[in-house]
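Undergrad: Quick one: structure below, then a few questions.
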Amino acid sequence: MMNQAILWPVYLSVIGAVLGWLIPRKKPAAFIANLLTAFASLAICIVAYRGFFSELHFGLRLFNAGAPLNLLNSVIFHVDKLSAVFLAIIGVLGFCASIYGLSYLGHYDEEKLALYAFHYPLFILSMYLVVVSWNLIWFIVFWELMTLFSQFLVVCERSERAIKAGYKYFCMTKAGADFLLLAVVFVTLKAVGLHADYGSLSKLLPVYFAEHEGAFAAITIALLIGACVKAAVVPLHSWLPDAHPEAPSNVSALLSGVMIKMPIYLMFRFFLTFAPVSATVGLIIMVLAALTLLFGVMYALIQTDSKRLLAFSSVEQIGYITLGLGAGMWLIAMGHESLGAIALVAALFHTANHALYKGLLFLVAGSVLFRTGTRLLDRLGRLFSKMPLTAVAALVGTLSIAGIPPLNGFVSKWMLYSTTLMQPQTSLFGAIALVVSALTAAVFVKFFTTIFTQPPEKELDVKEVPFTMWAPQMLLALLCITFGIFPFLSLRPLISTVNSLGIALSRSDLSVYPCVVIPGTANLAPIVVIALIFIITLVLAIAIGKVQAKPVWTCGNRDMLNLRLAASAYYQRFRKEFGFIYEFGTAVQNLIEGLWQQVRLICESYERLSYRLNAMLTGAVIILLLMVILLGGKAL
């Protein structure tokens, strides 16, 4: 009975999509779609919880024996500990985003909601199916559906900018998916035959790759390209800062908080269960991670659009996650299994943490947009007193992403620093991550102050958002605080997950304290120093707070006290000193843009040559559905 719980999110999401499509008035349709998707997300959380304790397995046979398309005959769903980690992320953030959308979408017109009401539940469902699929062929099918449904949500606003961003997103990620498809076809035809389920792959592929190093290299390259495009790893990231801001804000939270983690799941699954752990692949991933960290944070520094700033920050945060994965692989391959396992735990922990605080920050940006009608930081200011709950949630999110204790972002970042800085060969990457963390703090000082504290360009008459919008923000903020102060709550299932991948790690290898986790061999002195600095700062703040404040005399001109710094004026000197990096980044982006334009022209030419293909495909799908109905389906 519990195994059939895997299907609960499927039923709820499909019902939500069908009702969203059938109900003629789209505002009630979108409301119902959000509500049912929230219940589907809770069901995903239940499946994830069960998956941490025992594996769930459910198979479905689409055709009777002897039917054609035998390779696609069986759909197998399976939840193990690695799946459960990513399902928990989908479930928690999916629930918060869906509840948030109940009120947020109230200002959308019927035409925009028509796209949303049908595709939103299916987008959540497709991410769920990517993670629970236990067959490589069906994995690719669900991966492509995830791209398709999310693309429709990106263009939901129907503005020219949104349509262009959605088209660019679809073309780039579709090209990346084609590389994944090449890898899957090669594996299926050459390595494992029709045994494409993960259980067979974990037994057959390591043996095949040990005997065919060239095949391993080719498949690894194809898989890395496909995964890096979807994860927005530099230099294949240019679609993300355009696409994520254009979607509705609750969808933006899911795109940055969840969808770009699906390639992380893929890389964990492939490189740690289907293939021998490779130091070379780990090093390549670390180099890409370092580039992603640097370019992501430097472009986030100069943004004046709140959601675009958060999008570039997502690029940077993917750098932290891939750094942990690459460092873990390299350390394990070089014989430092315990340290490598801790790096993998740190990568998984940061994956979950980023989902929480980046989802929170996108909901904050959406709340500000909901009340003010603008994403431009130069037009915002002094909203703390008018939107206090949103401001408090924003403060927790900014402190978390900046890596300030005692919040969750600090814990996972400190684990990454501890593992990378302890080995000379990886210390450079750890140092880069440490510098980027300081720049991240600068980015979010700008984000928070321009919106909530400094004087606005023009006084804004706004109020707090409705309950269904601020409550999800508070829930995410509470989780950021909880997993920061009590990190062992997350570490137990994450250590168990790494152990399930065949990598040894025990609790004795880690020193777990409130607000911090370090390898058992690491030095506790830096933690003590940070604690002392924090205590001294707190004492000074309390002491200074008791001093009576007097207004500054400005020769009678009191208006000077109301000076404001435009968002575009932040860190201008930094941009000037490091202009060569921005020039290089612009050149790389122009190259990627040029390649995308060529792909777009090819697609348009193909569309003109095959204008009748849509009708042919529609007929083929109808015939396939009739075959399923006539031949009947049954559980395996």
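The values are calculated or read from the model by the stated rules, or taken from the named source; none is laboratory data. For clarity, every value in this text was computed on a predicted model and none was experimentally measured. Positions of Cβ are backbone-derived with ideal geometry, glycine not excepted, and every protein chain shown enters the neighbour counts.
Undergrad: Are there any helices (runs of 4 or more DSSP H) wholly within the range 227-293 with 1 or more residues that are in contact with a His (Cβ under 8 Å, 6 or more places away or on another chain), and if so which?
TA: Once the helices (runs of 4 or more DSSP H) in the range 227-293 are filtered for at least 1 residues that are in contact with a His (Cβ under 8 Å, 6 or more places away or on another chain), what remains is 249-257.
Undergrad: Take the range 363-376 and flag every residue that is assigned to a helix (DSSP H, G or I) and either within 12 Å of the chain's Cα centre (by Cα) or surrounded by fewer than 24 Cβ atoms within 10 Å (Cβ to Cβ) (or both).
TA: Residues satisfying the conditions are Leu369, Phe370, Arg371, Thr372.
Undergrad: Considering only the range 333-353, how many residues are more than 19 Å from Leu421 (Cα to Cα) and touching a Ser or Thr at 6+ places or on another chain (Cβ under 8 Å)?
TA: 2
Undergrad: Only one residue in Val131, Val185 is of a type in the set (Val, Ile, Thr), in contact (Cβ under 8 Å) with a residue 24 or more places away in the chain, part of a helix (DSSP H, G or I) and in the same structural domain as Thr220 (by TED's automatic domain parsing), so which one is that?
TA: Just a single option satisfies the conditions, and that option is Val131.
Undergrad: For the subset of the range 47-59 comprising residues that are among the hydrophobic types (A, V, I, L, M, F, W, C) and either outside the structural domain of Cys96 (by TED's automatic domain parsing) or within 13 Å of Val132 (Cβ to Cβ) (or both), which member is nearest to the chain's Cα centre (by Cα)?
TA: Ala48
Undergrad: Still on this structure, please answer the following. If we scan the range 218-240, do we find a residue that is among the polar types (S, T, N, Q), in contact with a Phe, Trp or Tyr (Cβ under 6 Å, 6 or more places away or on another chain) and on the phi < 0 side of the Ramachandran plot?
TA: no
Undergrad: Checking Phe58 against (1) in a helix (DSSP H, G or I); (2) more than 25 Å from His107 (Cα to Cα), which single condition isn't satisfied?
TA: Of everything listed in (1) in a helix (DSSP H, G or I); (2) more than 25 Å from His107 (Cα to Cα), Phe58 misses just condition (1).
Residues are listed down the side, and each one gets a yes or a no for (1) touching a residue at least 24 places away in the same chain (Cβ under 8 Å); (2) part of a helix (DSSP H, G or I); (3) aliphatic (A, V, I, L, M); (4) crowded, with 20+ Cβ neighbours inside 10 Å:
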{"position": "Asp378", "(1), (2), (3), (4)": "yes, yes, no, no"}
{"position": "Gly381", "(1), (2), (3), (4)": "yes, no, no, yes"}
{"position": "Lys386", "(1), (2), (3), (4)": "yes, no, no, no"}
{"position": "Val392", "(1), (2), (3), (4)": "yes, yes, yes, no"}
{"position": "Leu395", "(1), (2), (3), (4)": "yes, yes, yes, no"}
{"position": "Thr398", "(1), (2), (3), (4)": "yes, yes, no, yes"}
{"position": "Phe410", "(1), (2), (3), (4)": "yes, yes, no, yes"}
{"position": "Thr419", "(1), (2), (3), (4)": "yes, yes, no, yes"}
{"position": "Ser427", "(1), (2), (3), (4)": "no, yes, no, no"}
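Undergrad: Which of the following residues is aliphatic (A, V, I, L, M), in contact with a Leu (Cβ under 6 Å, 6 or more places away or on another chain) and crowded, with 21+ Cβ neighbours inside 10 Å: Ala243, Ala232?
TA: Matching residue, one of Ala243, Ala232: Ala232.
Undergrad: Looking at this structure, is Pro405 out of contact with any helix residue (DSSP H, G or I) (no Cβ under 8 Å at 6 or more places or on another chain) and in the same structural domain as Leu325 (by TED's automatic domain parsing)?
TA: no
Undergrad: Taking the range 146-172 only, how many residues are within 16 Å of the chain's Cα centre (by Cα) and of a type outside the set (A, V, I, L, M, F, W, C)?
TA: Of the residues in the range 146-172, 4 are within 16 Å of the chain's Cα centre (by Cα) and of a type outside the set (A, V, I, L, M, F, W, C).
Undergrad: For the range 297-309, which positions are in contact with a Ser or Thr (Cβ under 7 Å, 6 or more places away or on another chain) and part of a helix (DSSP H, G or I)?
TA: Val297, Ala300, Lys307
Undergrad: Aromatic (Phe, Trp, Tyr), touching a Leu at 6+ places or on another chain (Cβ under 6 Å) and surrounded by 17 or more Cβ atoms within 10 Å (Cβ to Cβ): does that describe Phe452?
TA: When the stated conditions are applied, Phe452 passes them.
Undergrad: Taking Ala290, is it modelled with pLDDT of 90 or more, surrounded by fewer than 24 Cβ atoms within 10 Å (Cβ to Cβ), more than 23 Å from Phe429 (Cβ to Cβ) and hydrophobic (A, V, I, L, M, F, W, C)?
TA: So Ala290 fails the test.
Undergrad: Quick one: how many residues across the range 446-473 are within 13 Å of Gly381 (Cα to Cα) and part of a helix (DSSP H, G or I)?
TA: Summing the residues that are within 13 Å of Gly381 (Cα to Cα) and part of a helix (DSSP H, G or I) in the range 446-473 gives 8.
Undergrad: Condition (residue is among the acidic types (Asp, Glu) and more than 19 Å from the chain's Cα centre (by Cα)) applied to the range 312-319: is it met by at least one residue?
TA: Checked the range 312-319: no residue is among the acidic types (Asp, Glu) and more than 19 Å from the chain's Cα centre (by Cα).
Undergrad: Report, ordered by the first and then the second residue, all pairs with beta carbons closer than 7 Å, sequence separation of six or more or different chains, a first member in the range 84-100 that is in the same structural domain as Phe53 (by TED's automatic domain parsing), and a second member that is buried (at least 24 other Cβ atoms within 10 Å of the Cβ) and not in a helix (DSSP H, G or I).
TA: Leu87/Val79; Ile89/Val258; Ile90/Val258; Leu93/Val258
Undergrad: Can I ask one more? Here are Leu476, Leu491, Leu439, Leu434: which of them is among the aliphatic types (A, V, I, L, M), modelled with pLDDT under 90 and in a helix (DSSP H, G or I)?
TA: After applying the criteria, what remains is Leu491.
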